[in-house]
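> Quick one: this structure, given as structure tokens, is what I'll be asking you about.
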Amino acid sequence: MKEVDRSFGGDGSGVPSADTMRDAATNLYFPADLRESSAEYKYFIDLPGVPKSDIKVQVDKDRRLIVSGERNKEEMDVSWRQQKQERRFGAFQRKLQLPEDADVK
């Protein structure tokens, strides 16, 4: 369980790291799930409003899975006026530490 916590930016204690909390407060932040079978690991990340073609996935030299892209704001008809906006738009990046035994090839 501690390895999974570290994968999500924690220190193994179950408490999110300061970096993870800062990212959640200041950037587009999409929650992720990690699932494990006897043969593989799978991350599931909800990216509503982001076309698959606009999502970039890579692994860096520190064995972190980096998911990045941009969620664009849709055009609003000029006859409408924005009353409230809670959804965030713009560039995003999420870094997830891969488990030590994950094959990155």
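Every number here is computed from the coordinates shown, using simple stated rules; none is lab data. Remember, it's a predicted structure, so these values are computed and weren't measured experimentally.
> On a full-extension model of 0.36 nm per residue, what is the gain between Val59 and Ala91, subtracting their alpha-carbon distance, rounded to one decimal in nm?
Length difference between fully extended and current span is 9.7 nm.
> Name the lysines eligible as straight-distance cross-link partners of Lys105: C-alpha to C-alpha under 20 Å, and not fewer than 8 places from it in the same chain.
Lys42, Lys56, Lys61, Lys95
> Moving on to the next point. Per 0.36 nm of contour for each residue apart, how much would the distance between Lys84 and Lys105 grow if the chain were fully extended, relative to their Cα-Cα spacing?
Between Lys84 and Lys105, full extension yields an extra 3.1 nm.
> Another question, then. Taking every eigenvalue of the Cα gyration tensor of the stretch 25-105, multiplying by 5 and rooting it, what semi-axes result, largest first, whole Å?
Ellipsoid half-lengths, sorted descending, are 32, 12, 11 Å.
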